[in-house]
Amino acid sequence: MIGILKSNIEKRIVGKSDIVDSLITALLSEGHVLIEDVPGVGKTTLAKSLSDSLALSFARIQCTPDTMPSDITGLSVYNTKTGDFEVVPGPVMNNIVLADELNRTSPKTQSALLQAMEEHSVTIDGKNLPLPEPFMVIGTQNPMETAGTYPLPEAQLDRFMLRLKIGYPVSSDAVKMAESFLEGTLHQETGSVLEGSDVIRLRTDVKEVKVNGSLTDYAVLIIEATRNDTDIACGASPRALLSLLRYAQAHALYEGRDYCIPEDILNAALITLPHRLILTAQARMNRMSQDKVIKRITDHIKVPSR
């Protein structure tokens, strides 16, 4: 099933196999994904390709400075015929939610997603409403645009399992893209290949992937190292540890195994932790990046034997 899903997405995404792998693995991990890159590299197309490949409900929220929290969660309105207040669900009440240009909306509106992303429920007029399962939020943002944007708070970044950067295509992939565009096949519609029950079943399989004690200790050592590194002002949270382990399990399943190996933990650390770290002012002045810091940390921790 996983191979079929990947092939279907790659009908519209050219030359980004590793990015597609990470997105699917996050889906299996019950994680949310933030896609951050410059305009025009396919952030929205990638999210849409995933949703179109799944027989699930989909909603797109085009975030703007005047977007209100109720535009995301929904609101309660008075029905003059019945004399009661009725809940009008917002776009977040769907399986796959694309929050496009998330950093262009206000912190108040951004916070409307916090409960949904963590608890898979929303509160409207005092009523707690569960979200449909499976549920996933895909956010996009443009790092180059600063005017009229609001940086995502740490609490929200920590709720994203991954932050992906697509990057520009290499020359050979750009040629394939251009040829497909001229032939009219680049933006072809793709049908769904997996049902919601398939996704739920795969997520259940992920939770059954075995992680032995030495690998759990290895993951904890990495997390604790981020809290003691001189270049990091605020290290990885307990939520980060849980995301790391779940992603490692999904990565193992993606590779066709029902058990984790050290490489699963290492790969998970390199992709789930960087965006959660807050670097010191000195580290930023020295042009250190979160990716470089986590790579240095993992290089200095002994990898356990299988």
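Computed from the coordinates by the stated procedures, all read-outs in this text should not be read as laboratory data. What you see is a predicted model, and the numbers here were worked out from it, not measured in a lab. We place every Cβ from the backbone using ideal geometry, glycine too, and count neighbours over all the protein chains shown.
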Could you give me the radius of gyration and the Dmax of the range 1-124, taking only the C-alpha atoms into account and expressing both in angstrom?
16.6, 56
Is the shape of the range 96-141 rounded, prolate or oblate, going by the alpha carbon gyration tensor and its root eigenvalues a ≥ b ≥ c, with a/c under 1.5 for rounded and a/b larger than b/c for prolate?
oblate
Report, ordered by chain and residue number, the lysines lying within cross-link reach of Lys302, taken as a straight Cα distance under 22 Å and ignoring same-chain residues fewer than 8 apart.
Lys210, Lys292
Gyration tensor (alpha-carbon) shape descriptor, the range 161-306, a/c threshold 1.5:
oblate
Set the Förster distance to 25 Å, then compute FRET efficiency between Asp217 and Glu133 from the Cβ-Cβ distance, nearest 0.05.
0.20
Relative contact order for the range 1-100: what percent, with Cα pairs under 8 Å and sequence separation of 6 or more?
25 percent
Taking placed amide H atoms and a strict 5 Å upper bound, the residues 5 or more places from Leu75 or on another chain that come that close are Val88, Gly90
Descending packing, highest mean Cβ count within 10 Å first, for 226-235, 181-190 is 226-235, 181-190
Mean separation of Cα contacts under 8 Å (6+ apart) over length of the range 208-299, as relative contact order %
35 percent
Amide H of Ala99: which non-local residues (sequence gap of 5 or more, or other chain) have their own amide H closer than 5 Å, using H built in the peptide plane?
Ile61, Ile138, Gly139, Thr140
How many lysine pairs in the range 2-193, separated by 8 or more positions in sequence or lying on different chains, have Cα atoms less than 23 Å apart?
20
Percent relative contact order for the chain, counting Cα pairs under 8 Å at least six residues apart, stands at 21 percent
Thr190/Met1 FRET efficiency (R0 22 Å; Cβ-Cβ; nearest 0.05):
0.90
Three semi-axes of the equivalent ellipsoid, the chain, Cα gyration tensor, whole Å, largest first
31, 25, 22
